[in-house]
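Data first, discussion second: the structure below is written as structure tokens.
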Amino acid sequence: MRRAAVLTAGSWGTVFAKVLADAGARVTLVARDREVADSINGRHVNPRYLDGVRLPDQVRATVRPEQALRDAELVVLAVPSHALRSCLLDWAPMVGPGAVYVSLMKGMEAVTSHRMSEVIAQTAGVGPDRIAVVSGPNLAREIAVEHPAATVVASSSAATAHQVQSACWTPYLRPYTNGDVVGCELGGAVKNVIALAAGMLEGMGFGTNSQASLIARGLAETMRLGAALGAEPMTFAGLAGLGDLVATCGSPLSRNRTFGERLGRGMTLEQVLAQQLQVAEGVRSCRPLLALAEGLGVSMPITRQVERVLYEGLPPLEAVKDLMSHEPGPEYRPR
Ligand SMILES: NC(=O)C1=CN([C@@H]2O[C@H](COP(=O)(O)OP(=O)(O)OC[C@H]3O[C@@H](n4cnc5c(N)ncnc54)[C@H](O)[C@@H]3O)[C@@H](O)[C@H]2O)C=CC1
Ligand SMILES: O=C(CO)COP(=O)(O)O
């Protein structure tokens, strides 16, 4: 039986632990809190992040990472992106020599603008053949109740991608492989910023044309950045690109969209943050994404306006007016 460690027991980590167990693995889920671990072991539920969903018996929980990592063939990482480097510095020495690292995360590191697979390679000291990324339209709560969905497993190693694909193929989750790690990670990180903007539009009362225009132009700026970084254009037409943008921008389950909606209704960043119990990755990722884009001479006007709303106090309606007043040009331009 395949052995997997999932760190940690937040929303997506808990649901992905269920996916792996339903696909036949023995899973150890690392919780930060003993109460959560006890509840998973005793009652098979994670009341803090996934109330009402029973986890399979093959999911066991611990608060001790070394217990989970000791014999894990798959090390699945689901922490907020800003915490990954410091977490892995602790965890990587406990990981066995042949284990594959699987990133579920959709964010960029502040200051370095590194993608999560880059942070894994640096801190764990492993080559790209031992890293895979899972991304796609995968709202945790829907996967938890087994609504059918598809996802992408990206790795530069086809063998690793296939290994992770077979580890997470269930009757309700259909994983496709993709060799384009850069494109899959960028799709996941940028869509969170665009979902913040989608929420703002919702909060201001705008309709479907506004949302669809945002999704299409958000995809355009994702693709420009991707092209500059050598990503495959077709990745953005797939699950980790358009698929995830549509899911996240359209769903009230999205934390990023909900965060944006509150800003659109007039709340301040501090007020929204005070209510936020789970991570909304776009809030921290928009700056490193912009820094990356600026360094490459790529224009990301929507991401820039989201940053202005978040960190410069620009009212969302002014951000919309600004975007609408730019001199209109051709629909596609490389930069
Ligand atoms: N929830 C979802 O629907 C999906 C989430 N993701 C991505 O998965 C990643 C994790 O998201 P969620 O599990 O949803 O987040 P969450 O907010 O529900 O859970 C975060 C987990 O990380 C732990 N944590 C929080 N701060 C930490 C720190 N400073 N150091 C170490 N651990 C810390 C928490 O205890 C919790 O176990 C994010 O990058 C997110 O974008 C990807 C696909 C779907
Ligand atoms: O990545 C997700 C769906 O694919 C989850 O989005 P949120 O983090 O906005 O909830």
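Read the figures in this text as sums done on the coordinates, not as results from a lab. These numbers were taken from a predicted model, which means no experiment stands behind them. Using ideal geometry, Cβ is built from the backbone for each residue, glycine included, and neighbour counts are taken over all protein chains shown.
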Under-5 Å amide H pairs with Ala61, H placed in peptide plane, nonlocal only = Leu29, Asn41
ask   = When Leu253, Leu310 are ordered from fewest to most other Cβ atoms inside 10 Å of their Cβ, what list results?
value = Leu253, Leu310
note = Non-local residues with an amide H under 5 Å from the amide H of Cys168, with H modelled 1.01 Å from N and Pro and chain starts lacking one, are none
task = Output the antiparallel fraction of DSSP beta bridges having both residues in the chain, as a percent to the nearest 5.
result = 15
ask   = Which value in nm describes the separation of the simple spin-label points at Asp57 and Arg174, placed 7 Å from the Cα toward the beta carbon?
value = 3.1
inquiry  = Under 10 Å, Cα contacts only: if you run a Gaussian network model on the chain, which one of Ala83, Ala61, Ala247 comes out with the highest mean-square fluctuation?
reply    = Ala83
ask   = Where does helix 316-325 land angle-wise versus the long Cα axis of the chain, in degrees 0 to 90, nearest 10?
value = 60
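Add +1 for every Lys or Arg and -1 for every Asp or Glu among the other residues with Cβ under 15 Å from the Cβ of Asn46, and state the total. Don't skip to the end; give the middle numbers.
Values: positive: Lys18, Arg32, Arg34, Arg43, Arg48, Arg54, Arg60, Arg141; negative: Asp33, Glu35, Asp38, Asp51, Asp57.
With Lys, Arg at +1 and Asp, Glu at -1, the net is +3.
Can you put Asp244, Asp57 in order of Cβ neighbours within 10 angstrom, beginning with the fewest?
On the way: Asp244 27, Asp57 9.
Least crowded to most crowded, the residues run Asp57, Asp244.
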task = Could you sort 221-234, 320-333, 20-33 so that the peptide with the highest average Cβ count within 10 Å comes first and the rest follow in order?
result = 20-33, 221-234, 320-333
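Going by average Cβ neighbours within 10 Å, how do the peptides 235-241, 199-205, 146-152 rank, with the highest at the top?
Details: 235-241: 24.0, 199-205: 20.9, 146-152: 17.3.
Highest to lowest by the protection proxy: 235-241, 199-205, 146-152.
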ask   = Under the Karplus relation 6.51 cos²θ - 1.76 cosθ + 1.60, θ = phi - 60°, what is the ordered set of whole-Hz ³J(HN,Hα) values for region 49-64, x standing for Gly and Pro?
value = 10, 8, 4, x, 10, 7, 8, x, 4, 6, 9, 10, 10, 8, 9, 10
task = Quote the FRET efficiency, to the nearest 0.05, computed for Arg85 versus Ala291 with a Förster distance R0 of 22 Å and r equal to the Cβ-Cβ distance.
result = 0.85
request  = Rounded to the nearest Å, what's the spacing between the alpha carbon centres of region 244-274 and region 59-98? Just the number, please.
outcome  = 30
ask   = Packing-wise, with mean Cβ within 10 Å as the measure, how do 35-48, 128-141, 295-308 rank, highest first?
value = 128-141, 295-308, 35-48
